[in-house]
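Beneath this line is the structure, given in structure tokens, with notes to follow.
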Amino acid sequence: MSADAPTTARIAALRNVLQPTERRIADLIVSEPEIVVELTAQQLADRAGVARSSVVRACQRLGYRGYPQLRVALAAELGAQPDAATDHGVGVLGRMRTAMDRAAQALAGSAGLLTEDAVSAAVTRIARARRVLVVANGLSSPLASDLAMRLTAVGRPAEIVADPIAQQISARQLAGEDMCLVISGSGANEASVRAARAAHAAGAGVLLITSFVASTLTEIADLSLVLAPAGATFRDELEHTSRAVHAVFGEVLVDAVAAELGERSPRIRAQVLEILSENLADPAE
């Protein structure tokens, strides 16, 4: 994990490796960092409804010597943040604009958990694989469809299969030179897990794009790209913000793969633009 990752992002990404009482502490830190940074260890324990010793253990599990070190890191993160998002009012549009402002701020730190080596390896492996099968289920399904289409449009043909059983069948037919690219915010979707296991059993590489450092899928994947969770709560991360972060990352990942492909990509892009142009209707018709 990158040392540049924001403290709250590190904590959220490590949530799945914590014990239940430690998760309560972590969730409180991520959802209320401005309040937590002003609390003593005992006050945080009281607020979370746990023992003070649980706060100390949680901090150590998260990579800090103790609670004072976590507070310092949290204060540094809060000090570096831009001003809070403007409240645009209680109307429908106002609430939407406020939410969009918060999401934009969260996106700024979404790459904090990535490393240069991991991203470079992922781009190279996607570009050079004989076949690329993109797998996702549930709320991540639209992201997989979009990513497969965009990769194909830059000259890196990618396959997408919607049915979960068909995903497993396709994954099992991959080979050592192929890649199964799995998108899962939680890293625990059962259908995606089964497809990843099928690809692994076939000898193919498994690349995971996810939001948590530890999960069933991170144990299966050869390479995991963990995008810093942007949600204030676990539910928010699963239902909304992980998709926004993953969608943006998908865009830049495709551009990086296109650059890796070299001269081939501009030629394919020109063909795609020609096809798009031919399919645009004339308003006068």
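The values are calculated or read from the model by the stated rules, or taken from the named source; none is laboratory data. In this text, all values refer to a predicted model and were calculated from it rather than measured experimentally. FYI the Cβ positions are ideal-geometry reconstructions off the backbone, even for glycines, and counts take in every protein chain you see. Ligands, DNA and RNA are excluded from the accessible area calculation, which covers all protein heavy atoms including side chains. Shrake-Rupley method; radii C 1.70, N 1.55, O 1.52, S 1.80 Å.
Identify, from the list 48, 111, 76, the residue that is in contact (Cβ under 8 Å) with a residue 12 or more places away in the chain and within 20 Å of residue 244 (Cα to Cα).
111
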Response to the item:
Filtering segment 32-83 for residues that are in a helix (DSSP H, G or I), open to solvent by less than 20 Å² (accessible area, probe 1.4 Å) and at pLDDT 90 or above leaves a count of 11
Discussion item. Exactly one of these conditions fails for residue 117: (1) assigned to a helix (DSSP H, G or I); (2) charged (D, E, K, R); (3) modelled with pLDDT under 90. Give me its number.
Written reply: (3)
Discussion item. I'd like the residue in segment 192-212 that is in a helix (DSSP H, G or I) and open to solvent by less than 10 Å² (accessible area, probe 1.4 Å) and, out of all such residues, is farthest from residue 141 (Cα to Cα).
Written reply: 199
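Restricting attention to segment 124-159, and to residues there that are closer than 20 Å to residue 270 by Cβ and part of a helix (DSSP H, G or I), which single residue is most open to solvent (accessible area, probe 1.4 Å)? Reasoning before the result, please.
Filtering segment 124-159 for residues closer than 20 Å to residue 270 by Cβ gives 127, 149-158.
Narrowing the set further to residues that are part of a helix (DSSP H, G or I) leaves 127, 149-153.
Details: 127: 17, 149: 117, 150: 86, 151: 0, 152: 60, 153: 31 Å².
Out of the qualifying residues, it is 149.
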Discussion item. Yes or no: segment 23-40 includes at least one residue that is under 21 Å from residue 218 (Cα atoms) and without any contact (Cβ under 8 Å) to a residue 12 or more places away in the chain.
Written reply: yes
Worksheet item: What number of residues within segment 170-186 satisfy the criterion of being within 16 Å of the chain's Cα centre (by Cα) and closer than 16 Å to residue 134 by Cβ?
Response: 5
Practice prompt. Confirm whether residue 177 is surrounded by fewer than 22 Cβ atoms within 10 Å (Cβ to Cβ), of a type in the set (Asp, Glu) and either modelled with pLDDT under 95 or at positive phi (or both).
Written response: no
Response to the item:
Looking across segment 12-25 at residues that are surrounded by 22 or more Cβ atoms within 10 Å (Cβ to Cβ) and at pLDDT 90 or above, the single one that is nearest to residue 70 (Cα to Cα) is 25
Worksheet item: Exactly one of (1) surrounded by fewer than 18 Cβ atoms within 10 Å (Cβ to Cβ); (2) part of a loop (DSSP other than H, G, I, E, B); (3) not basic (Lys, Arg) is unmet by residue 185. Its number?
Response: (1)
Discussion item. Return the pair list, or none, for Cβ contacts closer than 6 Å from residues in segment 241-266 that are closer than 19 Å to residue 120 by Cα to residues that are charged (D, E, K, R), at least 6 apart or on different chains.
Written reply: 254/150; 257/156
